[in-house]
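First comes the structure, then the notes that go with it.
The values are calculated or read from the model by the stated rules, or taken from the named source; none is laboratory data. Please read these numbers as outputs of a predicted model, since none were measured by experiment. All Cβ positions, even for glycine, are placed from backbone atoms using ideal geometry, and neighbour counts span all protein chains on display. Note: accessible area is taken over every heavy atom of the protein model, side chains too, but ligands, DNA and RNA are not part of it. Shrake-Rupley method; radii C 1.70, N 1.55, O 1.52, S 1.80 Å.
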Amino acid sequence: MTNKELADIMYPNVTKTIDDYEKMYPERNLDPKAVVTRFAPSPTGFVHMGSLLTAFIASKVPKDTNGVFYLRIEDTDQKRSVENGIEGIIKDLKAFDIEITEGAISETEEIGSYGPYIQSKRIEIYHTFAKWLVENDYAYPCFCQPEELEAIREHQEKRKERIGYYGRHAHCRYLSNEERAERIKNGETYVLRLKSTGDFEKKVSINDLVRGRIDYPENDIDHILIKSDGIPVYHFAHVVDDHLMRTTHILRGEEWLPSTPLHIELFNKFGFTVPKYCHLGVVVKIDEDGSRRKLSKRKDPEAKVSFYAEKGIPSEAVKLYLMTIANSNFEGWYDQNPDKTLDDFTFDFKKMSASGSLFDIEKMYNISKNYISRLKATEVYKGLCKWSQEYDPDFYKLITKYQELTTNVLNIEREQKKPRKDF
Ligand code: GLU
(Lines give C-alpha, C1' and ligand atoms only; values in the text may rest on other atoms or scores of the structure.)
Protein backbone atom coordinates (compact mmCIF):
# COMPACT_ATOMS: atom_id res chain seq x y z
CA MET A 1 0.00 0.00 0.00
CA THR A 2 1.39 3.42 -0.90
CA ASN A 3 1.74 6.26 1.58
CA LYS A 4 -0.79 8.17 -0.45
CA GLU A 5 -3.36 5.42 0.03
CA LEU A 6 -2.67 5.31 3.74
CA ALA A 7 -2.96 9.11 3.97
CA ASP A 8 -6.37 8.92 2.27
CA ILE A 9 -7.54 6.39 4.83
CA MET A 10 -6.27 8.55 7.70
CA TYR A 11 -7.64 11.84 6.43
CA PRO A 12 -10.62 11.03 4.23
CA ASN A 13 -12.20 14.46 4.71
CA VAL A 14 -9.26 16.53 3.54
CA THR A 15 -10.13 18.07 0.21
CA LYS A 16 -7.53 20.81 -0.11
CA THR A 17 -3.78 20.61 -0.59
CA ILE A 18 -0.93 22.56 0.93
CA ASP A 19 -0.69 24.48 -2.34
CA ASP A 20 -4.30 25.60 -1.99
CA TYR A 21 -3.43 27.14 1.37
CA GLU A 22 -0.25 28.68 0.00
CA LYS A 23 -2.44 30.50 -2.51
CA MET A 24 -5.05 31.47 0.06
CA TYR A 25 -2.42 32.98 2.35
CA PRO A 26 0.20 34.55 0.08
CA GLU A 27 3.32 36.32 1.24
CA ARG A 28 2.33 39.61 2.82
CA ASN A 29 2.90 42.61 0.68
CA LEU A 30 5.26 44.50 2.99
CA ASP A 31 8.65 46.21 2.92
CA PRO A 32 11.48 43.69 2.98
CA LYS A 33 12.47 44.97 6.43
CA ALA A 34 8.96 44.81 7.87
CA VAL A 35 8.59 42.46 10.80
CA VAL A 36 5.51 40.28 11.30
CA THR A 37 4.99 39.06 14.86
CA ARG A 38 2.22 37.58 16.87
CA PHE A 39 1.11 37.14 20.42
CA ALA A 40 -0.17 33.61 20.83
CA PRO A 41 -1.63 33.00 24.27
CA SER A 42 -3.92 30.26 25.44
CA PRO A 43 -7.32 31.71 26.31
CA THR A 44 -6.64 31.78 30.03
CA GLY A 45 -8.62 34.96 30.60
CA PHE A 46 -5.82 37.24 31.68
CA VAL A 47 -2.31 38.32 30.81
CA HIS A 48 0.58 37.61 33.12
CA MET A 49 3.35 40.19 33.45
CA GLY A 50 5.83 37.98 31.57
CA SER A 51 3.38 37.60 28.67
CA LEU A 52 2.66 41.31 28.71
CA LEU A 53 6.36 41.93 28.17
CA THR A 54 6.31 39.52 25.22
CA ALA A 55 3.17 41.08 23.76
CA PHE A 56 4.55 44.57 24.31
CA ILE A 57 7.77 43.86 22.42
CA ALA A 58 5.97 41.81 19.78
CA SER A 59 3.68 44.77 19.10
CA LYS A 60 6.47 47.36 19.26
CA VAL A 61 8.80 45.88 16.63
CA PRO A 62 6.19 45.90 13.81
CA LYS A 63 5.41 49.50 14.75
CA ASP A 64 9.07 50.39 14.27
CA THR A 65 9.27 48.58 10.92
CA ASN A 66 5.83 49.10 9.30
CA GLY A 67 5.11 45.46 9.91
CA VAL A 68 2.17 43.57 11.34
CA PHE A 69 1.31 42.36 14.81
CA TYR A 70 -1.56 39.94 15.25
CA LEU A 71 -3.26 37.96 17.99
CA ARG A 72 -3.60 34.21 17.62
CA ILE A 73 -5.41 32.17 20.22
CA GLU A 74 -3.87 28.81 21.01
CA ASP A 75 -6.73 26.82 22.44
CA THR A 76 -5.72 23.28 21.59
CA ASP A 77 -5.06 22.52 25.23
CA GLN A 78 -8.42 22.43 26.96
CA LYS A 79 -6.80 22.55 30.40
CA ARG A 80 -5.50 26.04 29.69
CA SER A 81 -8.76 27.46 28.34
CA VAL A 82 -11.42 29.26 30.35
CA GLU A 83 -14.77 30.59 29.29
CA ASN A 84 -14.54 34.07 27.77
CA GLY A 85 -10.78 33.68 28.07
CA ILE A 86 -10.17 35.61 24.86
CA GLU A 87 -11.99 38.74 25.93
CA GLY A 88 -10.05 38.93 29.20
CA ILE A 89 -6.79 38.84 27.26
CA ILE A 90 -7.91 41.50 24.80
CA LYS A 91 -9.02 43.73 27.66
CA ASP A 92 -5.69 43.39 29.45
CA LEU A 93 -3.79 44.17 26.24
CA LYS A 94 -5.97 47.14 25.50
CA ALA A 95 -5.27 48.56 28.94
CA PHE A 96 -1.68 48.92 27.71
CA ASP A 97 -2.69 50.32 24.34
CA ILE A 98 -1.90 47.08 22.57
CA GLU A 99 -4.74 47.26 20.10
CA ILE A 100 -5.51 44.24 17.99
CA THR A 101 -5.73 45.23 14.35
CA GLU A 102 -5.37 41.69 13.08
CA GLY A 103 -6.45 38.43 14.67
CA ALA A 104 -9.06 37.45 17.19
CA ILE A 105 -10.89 40.47 18.59
CA SER A 106 -13.52 38.66 20.66
CA GLU A 107 -14.73 35.13 21.31
CA THR A 108 -16.45 35.07 17.94
CA GLU A 109 -15.00 37.81 15.76
CA GLU A 110 -11.72 38.39 14.04
CA ILE A 111 -10.08 40.78 11.59
CA GLY A 112 -7.56 40.00 8.86
CA SER A 113 -7.07 37.73 5.86
CA TYR A 114 -4.75 35.18 7.41
CA GLY A 115 -7.29 33.56 9.73
CA PRO A 116 -8.95 31.76 11.29
CA TYR A 117 -6.85 33.05 14.18
CA ILE A 118 -8.22 30.63 16.75
CA GLN A 119 -6.52 27.28 16.50
CA SER A 120 -9.60 25.18 17.19
CA LYS A 121 -11.06 26.60 13.98
CA ARG A 122 -8.05 25.47 11.93
CA ILE A 123 -8.36 21.71 12.30
CA GLU A 124 -8.97 21.17 8.59
CA ILE A 125 -5.78 23.07 7.81
CA TYR A 126 -3.71 21.00 10.25
CA HIS A 127 -5.10 17.79 8.80
CA THR A 128 -4.18 18.88 5.28
CA PHE A 129 -0.60 19.45 6.37
CA ALA A 130 -0.58 16.22 8.36
CA LYS A 131 -1.81 14.33 5.31
CA TRP A 132 1.03 15.75 3.25
CA LEU A 133 3.52 14.50 5.84
CA VAL A 134 2.06 10.98 5.70
CA GLU A 135 2.09 11.00 1.90
CA ASN A 136 5.72 11.98 1.94
CA ASP A 137 6.74 9.41 4.54
CA TYR A 138 7.48 12.07 7.17
CA ALA A 139 4.80 10.96 9.62
CA TYR A 140 2.98 7.78 10.61
CA PRO A 141 0.15 6.64 12.84
CA CYS A 142 1.24 5.28 16.21
CA PHE A 143 -1.00 2.88 18.08
CA CYS A 144 1.12 2.53 21.22
CA GLN A 145 -0.91 2.69 24.38
CA PRO A 146 0.39 4.10 27.69
CA GLU A 147 1.51 0.65 28.88
CA GLU A 148 3.65 0.11 25.80
CA LEU A 149 5.20 3.56 26.12
CA GLU A 150 5.92 2.82 29.76
CA ALA A 151 7.57 -0.48 28.81
CA ILE A 152 9.80 1.34 26.31
CA ARG A 153 10.75 3.80 28.98
CA GLU A 154 11.59 1.12 31.52
CA HIS A 155 13.68 -0.68 28.95
CA GLN A 156 15.60 2.54 28.22
CA GLU A 157 16.08 3.33 31.88
CA LYS A 158 17.42 -0.14 32.60
CA ARG A 159 19.97 0.17 29.83
CA LYS A 160 20.72 3.78 30.63
CA GLU A 161 19.64 4.83 27.18
CA ARG A 162 18.20 8.17 26.25
CA ILE A 163 14.49 8.27 27.04
CA GLY A 164 12.02 8.83 24.24
CA TYR A 165 10.19 7.46 21.24
CA TYR A 166 12.92 7.41 18.63
CA GLY A 167 14.89 5.16 16.31
CA ARG A 168 14.47 1.47 17.03
CA HIS A 169 12.40 2.26 20.14
CA ALA A 170 9.74 3.82 17.95
CA HIS A 171 7.90 0.55 17.36
CA CYS A 172 5.11 1.86 15.16
CA ARG A 173 7.65 3.32 12.76
CA TYR A 174 8.25 -0.19 11.49
CA LEU A 175 4.68 -1.29 10.82
CA SER A 176 3.70 -1.87 7.21
CA ASN A 177 1.12 0.42 5.66
CA GLU A 178 -1.15 -2.60 5.29
CA GLU A 179 -1.02 -3.26 9.01
CA ARG A 180 -1.58 0.44 9.75
CA ALA A 181 -4.61 0.55 7.48
CA GLU A 182 -5.96 -2.62 9.02
CA ARG A 183 -5.64 -1.31 12.56
CA ILE A 184 -7.26 1.99 11.66
CA LYS A 185 -10.14 0.13 10.00
CA ASN A 186 -10.51 -1.93 13.17
CA GLY A 187 -11.09 1.28 15.07
CA GLU A 188 -7.84 1.34 17.07
CA THR A 189 -7.02 4.80 18.37
CA TYR A 190 -3.80 6.34 17.20
CA VAL A 191 -1.77 9.52 17.27
CA LEU A 192 0.20 10.96 14.38
CA ARG A 193 3.93 10.97 14.93
CA LEU A 194 6.72 12.67 13.08
CA LYS A 195 9.08 10.22 11.39
CA SER A 196 12.16 12.11 12.38
CA THR A 197 15.21 11.94 10.16
CA GLY A 198 17.34 13.92 12.61
CA ASP A 199 20.60 12.62 14.01
CA PHE A 200 21.20 13.21 17.72
CA GLU A 201 24.96 13.14 17.12
CA LYS A 202 24.71 16.12 14.77
CA LYS A 203 24.11 19.73 15.72
CA VAL A 204 21.53 22.21 14.59
CA SER A 205 22.16 25.93 15.10
CA ILE A 206 19.52 28.30 16.29
CA ASN A 207 20.36 31.92 15.59
CA ASP A 208 18.36 33.47 18.36
CA LEU A 209 18.00 37.21 18.12
CA VAL A 210 18.59 37.68 21.83
CA ARG A 211 20.90 34.80 22.66
CA GLY A 212 22.96 34.59 19.51
CA ARG A 213 23.89 31.22 18.08
CA ILE A 214 22.95 28.20 20.14
CA ASP A 215 23.87 24.69 19.04
CA TYR A 216 21.57 21.86 19.99
CA PRO A 217 21.61 18.19 19.02
CA GLU A 218 19.25 17.61 16.10
CA ASN A 219 15.84 16.31 17.01
CA ASP A 220 15.47 12.59 16.48
CA ILE A 221 12.35 12.00 18.56
CA ASP A 222 9.24 10.90 16.73
CA HIS A 223 7.14 13.49 18.52
CA ILE A 224 3.37 13.37 18.55
CA LEU A 225 2.04 15.93 16.08
CA ILE A 226 -1.67 15.19 16.29
CA LYS A 227 -3.36 13.65 19.27
CA SER A 228 -5.83 10.77 19.06
CA ASP A 229 -8.75 13.23 19.10
CA GLY A 230 -7.43 14.89 15.93
CA ILE A 231 -6.21 18.02 17.74
CA PRO A 232 -2.64 19.09 16.98
CA VAL A 233 -0.01 19.71 19.63
CA TYR A 234 1.63 23.12 19.95
CA HIS A 235 4.77 22.12 18.02
CA PHE A 236 2.89 21.19 14.88
CA ALA A 237 0.30 23.97 15.05
CA HIS A 238 3.05 26.57 15.60
CA VAL A 239 4.86 25.57 12.40
CA VAL A 240 1.74 25.44 10.24
CA ASP A 241 0.29 28.67 11.63
CA ASP A 242 3.42 30.76 11.65
CA HIS A 243 4.15 29.71 8.10
CA LEU A 244 0.65 30.40 6.76
CA MET A 245 0.27 33.61 8.72
CA ARG A 246 3.64 34.68 7.34
CA THR A 247 5.20 35.42 10.70
CA THR A 248 8.78 36.60 10.27
CA HIS A 249 9.79 36.77 13.95
CA ILE A 250 8.70 34.43 16.71
CA LEU A 251 8.89 36.03 20.12
CA ARG A 252 8.13 33.55 22.84
CA GLY A 253 9.21 32.37 26.25
CA GLU A 254 12.55 30.61 26.69
CA GLU A 255 10.75 27.44 27.77
CA TRP A 256 10.30 26.74 24.04
CA LEU A 257 14.00 26.92 23.23
CA PRO A 258 14.70 23.19 23.74
CA SER A 259 11.87 22.26 21.34
CA THR A 260 13.16 24.54 18.62
CA PRO A 261 15.22 21.75 16.91
CA LEU A 262 11.93 19.90 16.43
CA HIS A 263 10.29 23.01 15.00
CA ILE A 264 13.21 23.54 12.64
CA GLU A 265 12.97 19.92 11.49
CA LEU A 266 9.28 20.43 10.72
CA PHE A 267 9.87 23.70 8.84
CA ASN A 268 12.57 21.96 6.82
CA LYS A 269 10.46 18.92 6.02
CA PHE A 270 7.77 21.20 4.61
CA GLY A 271 10.39 23.24 2.77
CA PHE A 272 9.31 26.43 4.54
CA THR A 273 11.58 29.29 5.53
CA VAL A 274 12.39 29.07 9.23
CA PRO A 275 11.30 32.33 10.89
CA LYS A 276 13.65 34.25 13.15
CA TYR A 277 13.42 33.21 16.76
CA CYS A 278 13.65 35.37 19.80
CA HIS A 279 13.33 33.51 23.09
CA LEU A 280 12.67 35.87 25.95
CA GLY A 281 14.03 35.15 29.39
CA VAL A 282 11.60 34.76 32.23
CA VAL A 283 10.63 37.68 34.39
CA VAL A 284 12.13 37.06 37.81
CA LYS A 285 11.95 38.79 41.14
CA ILE A 286 14.22 38.76 44.14
CA ASP A 287 12.57 37.26 47.18
CA GLU A 288 12.96 38.63 50.68
CA ASP A 289 15.66 36.05 51.37
CA GLY A 290 17.62 37.29 48.36
CA SER A 291 16.88 34.35 46.06
CA ARG A 292 15.74 34.85 42.47
CA ARG A 293 12.56 33.21 41.33
CA LYS A 294 10.09 33.39 38.53
CA LEU A 295 7.33 35.92 39.03
CA SER A 296 4.42 33.73 40.05
CA LYS A 297 0.75 34.12 39.22
CA ARG A 298 -0.15 32.54 42.53
CA LYS A 299 2.25 34.24 44.92
CA ASP A 300 2.80 37.68 43.44
CA PRO A 301 -0.09 40.09 43.02
CA GLU A 302 2.09 42.18 40.71
CA ALA A 303 2.22 39.27 38.24
CA LYS A 304 -1.32 40.02 37.14
CA VAL A 305 -1.48 43.05 34.92
CA SER A 306 -4.78 44.21 36.42
CA PHE A 307 -2.80 44.92 39.61
CA TYR A 308 -1.39 48.12 38.04
CA ALA A 309 -4.75 49.55 37.17
CA GLU A 310 -5.93 48.83 40.71
CA LYS A 311 -2.89 50.59 42.16
CA GLY A 312 -3.46 53.58 39.90
CA ILE A 313 -0.23 53.24 37.99
CA PRO A 314 -0.70 54.77 34.56
CA SER A 315 -0.35 52.22 31.76
CA GLU A 316 2.20 54.50 30.10
CA ALA A 317 4.41 54.23 33.19
CA VAL A 318 4.13 50.43 33.13
CA LYS A 319 5.19 50.47 29.50
CA LEU A 320 8.12 52.75 30.27
CA TYR A 321 9.15 50.27 32.90
CA LEU A 322 8.75 47.34 30.52
CA MET A 323 10.96 49.05 27.98
CA THR A 324 13.49 49.74 30.73
CA ILE A 325 13.78 46.02 31.43
CA ALA A 326 13.53 45.09 27.76
CA ASN A 327 16.25 47.32 26.33
CA SER A 328 19.30 48.24 28.38
CA ASN A 329 19.82 51.52 26.49
CA PHE A 330 16.28 52.78 26.99
CA GLU A 331 16.69 54.34 30.43
CA GLY A 332 19.62 56.49 29.28
CA TRP A 333 17.79 57.47 26.11
CA TYR A 334 14.71 58.48 28.05
CA ASP A 335 16.74 60.52 30.54
CA GLN A 336 18.18 62.46 27.62
CA ASN A 337 14.82 62.73 25.84
CA PRO A 338 12.25 63.24 28.58
CA ASP A 339 9.78 64.84 26.20
CA LYS A 340 9.76 61.95 23.78
CA THR A 341 7.48 58.94 23.95
CA LEU A 342 7.97 55.23 23.53
CA ASP A 343 6.97 55.57 19.89
CA ASP A 344 10.11 57.62 19.28
CA PHE A 345 12.35 54.88 20.60
CA THR A 346 13.44 52.02 18.35
CA PHE A 347 13.52 48.65 20.01
CA ASP A 348 16.70 46.61 19.48
CA PHE A 349 16.88 42.83 20.04
CA LYS A 350 20.61 43.13 20.65
CA LYS A 351 20.00 45.26 23.71
CA MET A 352 17.97 42.59 25.45
CA SER A 353 19.28 40.51 28.29
CA ALA A 354 19.26 36.78 27.66
CA SER A 355 19.31 35.92 31.32
CA GLY A 356 15.83 37.16 32.00
CA SER A 357 14.43 40.39 33.29
CA LEU A 358 14.56 41.31 36.90
CA PHE A 359 11.25 42.69 37.98
CA ASP A 360 11.57 45.39 40.57
CA ILE A 361 8.31 46.89 41.68
CA GLU A 362 10.03 49.77 43.51
CA LYS A 363 11.66 50.79 40.29
CA MET A 364 8.31 50.73 38.56
CA TYR A 365 6.86 52.95 41.31
CA ASN A 366 9.72 55.38 40.76
CA ILE A 367 9.19 55.49 37.03
CA SER A 368 5.51 56.02 37.67
CA LYS A 369 6.20 58.91 40.09
CA ASN A 370 8.53 60.56 37.62
CA TYR A 371 6.04 60.10 34.84
CA ILE A 372 3.15 61.54 36.85
CA SER A 373 5.31 64.45 38.04
CA ARG A 374 5.80 65.51 34.44
CA LEU A 375 2.09 65.56 33.61
CA LYS A 376 -0.03 68.66 33.76
CA ALA A 377 -2.36 68.95 36.77
CA THR A 378 -5.37 68.62 34.47
CA GLU A 379 -4.02 65.35 33.11
CA VAL A 380 -3.40 63.99 36.58
CA TYR A 381 -6.90 65.05 37.53
CA LYS A 382 -8.32 63.15 34.58
CA GLY A 383 -6.34 60.04 35.49
CA LEU A 384 -7.40 60.33 39.11
CA CYS A 385 -11.06 60.53 38.11
CA LYS A 386 -10.77 57.49 35.90
CA TRP A 387 -9.05 55.49 38.60
CA SER A 388 -11.27 56.57 41.52
CA GLN A 389 -14.47 56.06 39.58
CA GLU A 390 -13.65 52.38 39.50
CA TYR A 391 -11.64 51.84 42.67
CA ASP A 392 -12.68 54.54 45.16
CA PRO A 393 -16.17 55.89 44.39
CA ASP A 394 -16.33 58.11 47.52
CA PHE A 395 -13.13 59.83 46.56
CA TYR A 396 -14.45 60.16 43.02
CA LYS A 397 -17.54 61.96 44.31
CA LEU A 398 -15.39 64.31 46.34
CA ILE A 399 -12.94 65.25 43.62
CA THR A 400 -15.64 65.76 41.02
CA LYS A 401 -17.53 68.00 43.44
CA TYR A 402 -14.38 70.04 44.04
CA GLN A 403 -12.82 69.84 40.63
CA GLU A 404 -11.06 73.17 40.68
CA LEU A 405 -9.74 72.78 44.18
CA THR A 406 -8.44 69.28 43.41
CA THR A 407 -6.72 70.46 40.26
CA ASN A 408 -5.11 73.29 42.17
CA VAL A 409 -3.91 70.89 44.84
CA LEU A 410 -2.49 68.65 42.16
CA ASN A 411 -0.73 71.67 40.73
CA ILE A 412 1.28 72.38 43.87
CA GLU A 413 4.94 72.49 42.92
CA ARG A 414 4.18 71.01 39.52
CA GLU A 415 5.24 72.40 36.14
CA GLN A 416 8.61 73.46 37.43
CA LYS A 417 12.15 72.21 37.04
CA LYS A 418 11.98 69.78 39.96
CA PRO A 419 8.31 68.89 40.36
CA ARG A 420 6.97 67.18 43.49
CA LYS A 421 6.75 63.42 43.23
CA ASP A 422 4.99 62.52 46.43
CA PHE A 423 1.41 62.51 45.33
N1 GLU B 1 0.63 29.26 23.33
C2 GLU B 1 2.02 29.30 23.62
C3 GLU B 1 2.19 29.74 25.06
O4 GLU B 1 1.24 30.26 25.61
C5 GLU B 1 2.65 30.32 22.72
C6 GLU B 1 4.09 30.20 22.48
C7 GLU B 1 4.40 31.01 21.23
O8 GLU B 1 4.28 32.23 21.29
O9 GLU B 1 4.74 30.41 20.22
O10 GLU B 1 3.23 29.54 25.64
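Starting from the residue with the highest accessible area, list 195, 304, 227 in decreasing order, probe 1.4 Å.
Correct descending sequence by accessible area is 304, 227, 195.
So what's the gap between the Cα centers of region 202-241 and region 1-36, to the nearest angstrom? About 19 Å separates the Cα centre of region 202-241 from the one of region 1-36. With protein chains left intact and a 1.4 Å probe, residues in region 175-332 average 43 Å² of accessible area per residue. If you take every residue apart from residue 55 with its C-beta less than 15 Å away from the C-beta of residue 55, what net charge results, scoring Lys and Arg +1 and Asp and Glu -1? Computed value for this residue: +4. Once the gyration tensor of the Cα atoms in region 107-188 is diagonalised, the equivalent ellipsoid follows with semi-axes of 33, 18, 13 Å, ordered largest first.
All C-alpha to C-alpha distances of region 1-125, sorted into 5 Å bins beginning at zero, yield P(r) values of 2, 10, 18, 19, 17, 13, 9, 6, 4, 2, 0, 0 percent in whole numbers.
For residue 365 and residue 395 in the same chain, what is the full-extension length gain: residue separation times 0.36 nm, less their Cα-Cα distance, in nm? All intermediate terms of the calculation are to be shown ahead of the outcome.
Numbers: separation 30, 0.36 × 30 = 10.80 nm, distance 2.18 nm.
Value of the extension gain: 8.6 nm.
The 3J(HN,Hα) values that the Karplus relation (6.51, -1.76, 1.60; θ = phi - 60°) gives for region 312-322 are, in residue order, x, 8, x, 4, 4, 5, 4, 5, 4, 5, 4 Hz. Gly and Pro appear as x. Protein heavy-atom accessible surface, 1.4 Å probe, per residue over region 340-412: 65 Å². For the chain, the list of Cys residues with no other Cys C-beta under 4.7 Å reads 144, 278, 385. For the chain, relative contact order (Cα pairs under 8 Å, six or more residues apart, normalised by length) works out to 15 percent. Loop-located GluC sites (Glu not before Pro) across region 1-91 with a Cβ neighbour count of 15 or fewer within 10 Å are 27, 83, with loop assigned by DSSP. The residues neighbouring residue 389, those whose beta-carbon lies less than 14 Å from its own, together hold a net charge of 0 under the Lys/Arg +1, Asp/Glu -1 convention. For region 130-207, the set of GluC sites (Glu not before Pro) satisfying both a DSSP loop assignment and a count of at most 15 other C-beta atoms within 10 Å is given as 161, 188, 201.
If you roll a 1.4 Å probe over the heavy atoms of the protein chains, what accessible area per residue do you get for region 57-156, in Å²? Present the calculation step by step, with values, prior to reporting the outcome.
Numbers: 4490 Å² over 100 residues.
With the other protein chains kept in place, region 57-156 gives 45 Å² per residue.
Carbon and sulfur atoms: what percent of the 1.4 Å accessible area of the chain do they account for? About 49 percent, which is the carbon plus sulfur part of the accessible surface. In terms of accessible area, using a 1.4 Å probe and ignoring ligands and nucleic acids, 245, 1 rank largest first as 1, 245. DSSP finds beta bridges in region 1-128, and of those with both partners inside it, around 25 percent are antiparallel. If a spin label sat at a point 7 angstrom from the Cα of residue 64 along the line to its beta carbon, the backbone N atoms of region 189-227 nearer than 16 Å would be those of 209-212.
Legend: translational diffusion of the chain by Stokes-Einstein, Rh = Kirkwood radius over C-alpha pairs, 25 °C, 0.890 mPa s; D = 101 µm²/s.
Over all distinct Cα pairs, what is the inverse of the mean 1/r for region 229-386, reported as the Kirkwood hydrodynamic radius in Å?
Working: mean 1/r = 0.0540 Å⁻¹.
Taking every pair of different Cα atoms in region 229-386, averaging 1/r and inverting gives 18.5 Å.
Between residue 31 and residue 306, the simple spin-label model (points 7 angstrom out along Cα→Cβ) gives 3.9 nm.
Taking the Cβ of residue 303 as the center, what net charge do the other residues with Cβ under 14 Å away carry, scoring Lys and Arg +1 and Asp and Glu -1? Intermediate results must be reported in sequence, preceding the final value.
Values: positive: 285, 293, 294, 297, 298, 299, 304, 311; negative: 92, 287, 300, 302, 310, 360.
That works out to +2.
Stretching the chain fully between residue 216 and residue 22 yields a gain of 66.8 nm (0.36 nm per residue, less the alpha carbon separation). Amide H contacts under 5 Å for residue 280: 252, 253, 254, restricted to partners 5 or more places along the chain or on a different chain, H placed in the peptide plane at 1.01 Å from N. Spin-label model, residue 174 to residue 82: label points 7 Å out along the Cα-to-beta-carbon direction sit 4.8 nm apart.
Strictly over 18 Å apart at the Cα level, which of 60/369; 16/121; 195/269; 16/131 would you flag in this model? Mind showing how you got there, number by number?
Details: 60/369 24 Å; 16/121 16 Å; 195/269 10 Å; 16/131 10 Å.
With Cα atoms farther than 18 Å apart: 60/369.
Residue-wise HN-Hα couplings along region 397-412, as the Karplus relation 6.51 cos²θ - 1.76 cosθ + 1.60 with θ = phi - 60° gives them from phi, are 4, 4, 6, 7, 5, 10, 4, 5, 4, 4, 4, 5, 4, 5, 8, 5 Hz; Gly and Pro carry x. The aspartates and glutamates within cross-link reach of residue 376, meaning a Cα-to-Cα straight distance under 16 Å and a gap of 8 or more places when in the same chain, are 316, 339, 404, 413, 415, 422. Computed on the Cα trace of region 232-319, the radius of gyration divided by the Kirkwood hydrodynamic radius gives Rg/Rh = 1.12. Scanning residues 5 or more positions from residue 193 or on other chains, those with amide H under 5 Å from its amide H are 140, 142, 225, with H placed 1.01 Å from N in the peptide plane.
How about region 1-46: which trypsin sites (Lys or Arg not before Pro) there are in a DSSP loop, with at most 10 other Cβ atoms within 10 Å of their Cβ?
Details: sites: 4, 16, 23, 28, 33, 38; in loops: 16, 28, 33.
Here the sparse-neighbourhood loop sites are 33.
Please list 378, 400 from largest to smallest accessible area, probe radius 1.4 Å, with all protein chains kept in place.
Correct descending sequence by accessible area is 378, 400.
Shape analysis of region 64-170 based on the Cα gyration tensor places the equivalent ellipsoid semi-axes at 39, 19, 14 Å, largest first.
Could you sort out which of 340/421; 227/297; 297/363; 227/304 sit more than 27 Å apart by Cα distance in this structure?
Working: 340/421 20 Å; 227/297 29 Å; 297/363 20 Å; 227/304 32 Å.
Among 340/421; 227/297; 297/363; 227/304, the Cα-Cα distance tops 27 Å for 227/297; 227/304.
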